[in-house]
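**Student:** I have a structure I would like to understand better, so I am pasting it below and will then ask my questions one at a time.
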Amino acid sequence: MHERERHRIILSAIQEKPVVTVQDIAELTDASEATIRRDIASLHIQGKLRRVRGGAEAVHPPQQGNLAARPFRVSESVNIDKKRAIARAAVGLCAEGDSIIINGGTTTFQMVHFLSAHRLQVMTNSFAIAEHLIKHSKCTVNVPGGAIYRDQSLILSPFENDAIRNFYARRMFIGAQGISALGVMEPDALVIQSEQRLMRQADELIVMVDSSKFTRRSSMILCGLEAVSTIITDDAVPDEAAHMVEAAGIKLVTVKVSASTDREGTPSVA
């Protein structure tokens, strides 16, 4: 193989992996490791890659696209008492053996604390939820294929041919950036695409939001209110928002939030 072709293969390989080893490239090109080391040295001098111990890396590694959604760790502690109370009510809707989908988010994540004693079939696109359930529950856990977005702890893919299409759920539980008369809102197109694919696999859509989400807006609509079966929120929900939900024919479940998240009151249903 000519030097120019080897160089093309090397430069292509470092765009696909963070670091490519000399051995990896030697196998791709059928060249000796000594030859590959010389190639890497030459490309390093030309500024086309960066030579590292045992291999090479891109000068400007390809960046995974950033999501508009806020990082998981940033949102996790916001309104935590409300999120915990809402999550407890959500788990109360599940029966042993149910198949459910839990979308990634800091409110839905709180469900894991109340699922430890249950045996459910769970599909989730949340790396954090999947990891916690595997370690601390007897639930069967399924995840879709795709890239892991570390900041949001989400597993997302634009492709249709993964485990999602083979999973059926009685209910899907999601959070939201905001809720208005226009529908359920989220800030990122890739997140919406993933959620809509998951929604198609469930009979009912349960939206879990604290009361502040009724005064927030986002640039994109995930779905209209007609797609929602139930909204679970805290008892500080504005009257105007409650009337909007009820007028849309959606079951509204409100939970009381006490100082201790282990002693929430019984949810009330409107």
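The values are calculated or read from the model by the stated rules, or taken from the named source; none is laboratory data. Note that the structure is a prediction, hence the values are computed from the model and not measured. Note that each Cβ is placed from the backbone with ideal geometry, even for glycine, and that neighbours are counted across all protein chains shown. These accessible areas exclude ligands, DNA and RNA; they are computed on the full protein's heavy atoms, side chains included. Shrake-Rupley method; radii C 1.70, N 1.55, O 1.52, S 1.80 Å.
**Student:** Under the Karplus relation 6.51 cos²θ - 1.76 cosθ + 1.60, θ = phi - 60°, what is the ordered set of whole-Hz ³J(HN,Hα) values for region 201-208, x standing for Gly and Pro?
**Tutor:** 9, 10, 6, 10, 10, 10, 9, 10
**Student:** Might you tell me the accessible area per residue for region 115-186, computed with a 1.4 Å probe and given in Å²? Show your work: numbers first, answer last.
**Tutor:** Working: 3380 Å² over 72 residues.
With the other protein chains kept in place, region 115-186 gives 47 Å² per residue.
**Student:** In the chain, what % of DSSP beta bridges are antiparallel (nearest 5)?
**Tutor:** Values: 17 of 40 bridges.
Antiparallel: roughly 45 percent of the beta bridges in the chain.
**Student:** Using a 1.4 Å probe, how large is the accessible area of residue 21, given in Å² and rounded to the nearest 10?
**Tutor:** 50
**Student:** Explain nothing, just the number: relative contact order of the chain, from Cα pairs under 8 Å at least 6 residues apart, as a whole percent. Each step should come with its number before you reach the end.
**Tutor:** Details: 529 pairs, mean separation 38.3, N = 270.
The normalised contact order for the chain reaches 14 percent.
**Student:** Amide H neighbours of residue 178 under 5 Å, counting only residues 5+ apart in sequence or on other chains, H built in-plane at 1.01 Å?
**Tutor:** 185
**Student:** When the accessible area of region 3-58 is computed with all protein chains present and a 1.4 Å probe, what percentage of it is carbon and sulfur?
**Tutor:** Its accessible area is 46 percent carbon and sulfur atoms.
**Student:** So if I take the centroid of the Cα atoms in region 96-149 and the same for region 235-253, what is the distance between those two points in Å?
**Tutor:** For region 96-149 versus region 235-253, the Cα centre distance is 28 Å.
**Student:** Here's a follow-up. Under 5 Å between amide hydrogens, which residues at least 5 positions from residue 154 or on another chain qualify, with H placed 1.01 Å from N in the peptide plane?
**Tutor:** Placed amide hydrogens put 127, 149 under 5 Å from residue 154.
**Student:** Grab the DSSP H runs of the chain that are 4 residues or longer, score each as -39,500 (n - 2.57), total them, divide by all residues and round the 222 nm result to the nearest 500 deg cm²/dmol.
**Tutor:** Values: 9 runs with 82 residues, N = 270.
Mean residue ellipticity at 222 nm (helix-derived): -8500 deg cm²/dmol.
**Student:** Can you tell me the accessible area per residue over region 3-58, all protein chains present, probe 1.4 angstrom, in square angstrom?
**Tutor:** Numbers: 3490 Å² over 56 residues.
On a per-residue basis, region 3-58 sits at 62 Å².
**Student:** Quick check on my link table: of 82/213; 82/138; 82/251; 213/256, which ones sit more than 21 Å apart, alpha carbon to alpha carbon? Before the final figure, lay out the partial values.
**Tutor:** Details: 82/213 12 Å; 82/138 26 Å; 82/251 19 Å; 213/256 17 Å.
Pairs exceeding 21 Å: 82/138.
**Student:** Could you work out how far apart the two model spin labels at residue 151 and residue 3 are, taking each label as a point 7 Å from the Cα in the direction of the beta carbon, and quote it in nm?
**Tutor:** 4.2
**Student:** Probe radius 1.4 Å, ligands and nucleic acids left out: which of 243, 113 has the largest accessible area, and how do the rest follow? Each step should come with its number before you reach the end.
**Tutor:** On the way: 243 120, 113 70 Å².
Ranked list, largest accessible area first: 243, 113.
**Student:** On to the next question. Put a dot 7 Å past each Cα toward the Cβ at residue 216 and residue 140; how far apart are the dots in nm?
**Tutor:** Calculated label separation equals 3.5 nm.
**Student:** Solvent-accessible area of residue 258, probe 1.4 Å, all protein chains present, reported in Å² to the nearest ten, please.
**Tutor:** That residue has around 40 Å² of solvent-accessible surface.
**Student:** May I pose another question? In nm, give the distance between the simple-model label positions of residue 131 and residue 251, each being 7 Å from the Cα along the Cα-to-Cβ direction.
**Tutor:** Going by the 7 Å Cα→Cβ label model, 3.4 nm.
**Student:** Just reorder 124, 254 by solvent-accessible area, largest first, 1.4 Å probe, all chains present. Numbers along the way, then the final one.
**Tutor:** Details: 124 0, 254 25 Å².
So the residues, ranked largest to smallest area, are 254, 124.
**Student:** Taking the Cα atoms only, what angle lies between the long axis of helix 189-199 and the longest principal axis of the chain, rounded to 10 degrees?
**Tutor:** Roughly 60 degrees, rounded to the nearest 10.
**Student:** Per Stokes-Einstein, at 20 °C and 1.002 mPa s, what whole-number D in µm² s⁻¹ belongs to region 3-58, with the Kirkwood radius over Cα pairs as the hydrodynamic radius? Walk me through the intermediate numbers first.
**Tutor:** Values: Rh = 10.6 Å.
The Stokes-Einstein estimate is 202 µm²/s.
**Student:** Further question on the same structure: Do you know the relative contact order of region 102-223, to the nearest whole percent, from alpha carbon pairs under 8 angstrom that are 6+ apart?
**Tutor:** Working: 236 pairs, mean separation 29.3, N = 122.
Contact order relative to length: 24 percent.
**Student:** When all alpha-carbon pairs of region 72-255 are counted, what percent fall beyond 31 Å?
**Tutor:** Working: 1379 of 16836 pairs.
Here the long-distance tail beyond 31 Å is 8 percent of all Cα pairs in region 72-255.
**Student:** Net charge near residue 26, counting Lys/Arg +1 and Asp/Glu -1 over other residues with Cβ under 13 Å of its Cβ?
**Tutor:** Numbers: positive: 6, 37, 38; negative: 24, 27, 30, 33, 39.
Around residue 26, the charge tally is -2.
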